[in-house]
Amino acid sequence: MKLYKTGIVGESHYQRAIKDCAAGDRIKVCHEPDNPYDGLALRVDTAYGETIGYIAKSSWIRDAIHAEGRGIAGTIASINRGDSGLLGVVLDVTLTDDDVAERSYQKSEPPSDNELGKRMVKALWQTLVGKKIR
């Protein structure tokens, strides 16, 4: 299987989720046919279902998925802080013969108090022990 590096877009809306990610984490790509901005939108989620961005409209990968009926599998290749101070994500992806899952569009909303508590515990653990927990 050939791996392709590709950036994603929209990360500025998903900084909290991206902060919980690390290189090597698996990702899932789903089609959002009811996305009000783009009916061909391909959302990128973590293995835990948190959105971290989208495949760019201009990406050849999007054409391969929609025009050629290909699927996609991948991991996070890197997470870097840009000049703006925001985190950006690069993926390692491979095309597959699997179908791409369809998911309903979900507007980005702030996490619940319970989710914030979980994230704070993870951050504290990482600070004290030096290891990421999932």
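The values are calculated or read from the model by the stated rules, or taken from the named source; none is laboratory data. It should be emphasised that the depicted structure is a prediction, and the values quoted were computed from it without experimental measurement. Cβ placement follows ideal geometry from the backbone for every residue including glycine, while neighbour counts extend to all protein chains displayed. The area values use the complete protein model at the heavy-atom level, side chains included, leaving out ligands, DNA and RNA. Shrake-Rupley method; radii C 1.70, N 1.55, O 1.52, S 1.80 Å.
Here are the numbers:
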| read-out | value |
| --- | --- |
| Residue within segment 23-42 that is of a type outside the set (Ser, Thr, Tyr), within 30 Å of Lys122 (Cα to Cα), surrounded by 13 or more Cβ atoms within 10 Å (Cβ to Cβ) and without any contact (Cβ under 8 Å) to a residue 40 or more places away in the chain present | no |
| Segment 12-22, residues that are in a loop (DSSP other than H, G, I, E, B) and either small (Gly, Ala, Ser) or open to solvent by 30 Å² or more (accessible area, probe 1.4 Å) (or both) | Asp20, Ala22 |
| Pairs where the first residue, in segment 93-107, is closer than 18 Å to Thr46 by Cβ and free of Cβ contacts under 8 Å to residues at least 12 places away in the same chain and the second is of a type in the set (Lys, Arg) and open to solvent by 100 Å² or more (accessible area, probe 1.4 Å), C-beta under 8 Å, 6+ apart | none |
| Members of segment 60-83 that are small (Gly, Ala, Ser), more than 13 Å from Val44 (Cα to Cα) and at pLDDT 95 or above | Ala77, Ser78 |
| Subset of segment 27-61 (residues that are among the small types (Gly, Ala, Ser) and within 10 Å of the chain's Cα centre (by Cα)) | Ala47, Gly49, Gly53 |
| Candidate set from segment 84-121 (those that are open to solvent by less than 90 Å² (accessible area, probe 1.4 Å) and assigned to a loop (DSSP other than H, G, I, E, B)); member that is modelled with the highest pLDDT | Leu86 |
| Subset tally (residues that are surrounded by 18 or more Cβ atoms within 10 Å (Cβ to Cβ) and without any contact (Cβ under 8 Å) to a residue 60 or more places away in the chain) for segment 43-58 | 8 |
| Residues within segment 41-76 that are among the charged types (D, E, K, R), within 28 Å of Lys118 (Cα to Cα) and touching a helix residue (DSSP H, G or I) at 6+ places or on another chain (Cβ under 6 Å), tallied | 1 |
| Any chance Val9 is within 26 Å of Thr127 (Cβ to Cβ) and open to solvent by 40 Å² or more (accessible area, probe 1.4 Å) | no |
| Hits in segment 19-55 (condition: touching a Gly at 6+ places or on another chain (Cβ under 8 Å) and among the β-branched types (Val, Ile, Thr)) | Ile27, Val29, Val44 |
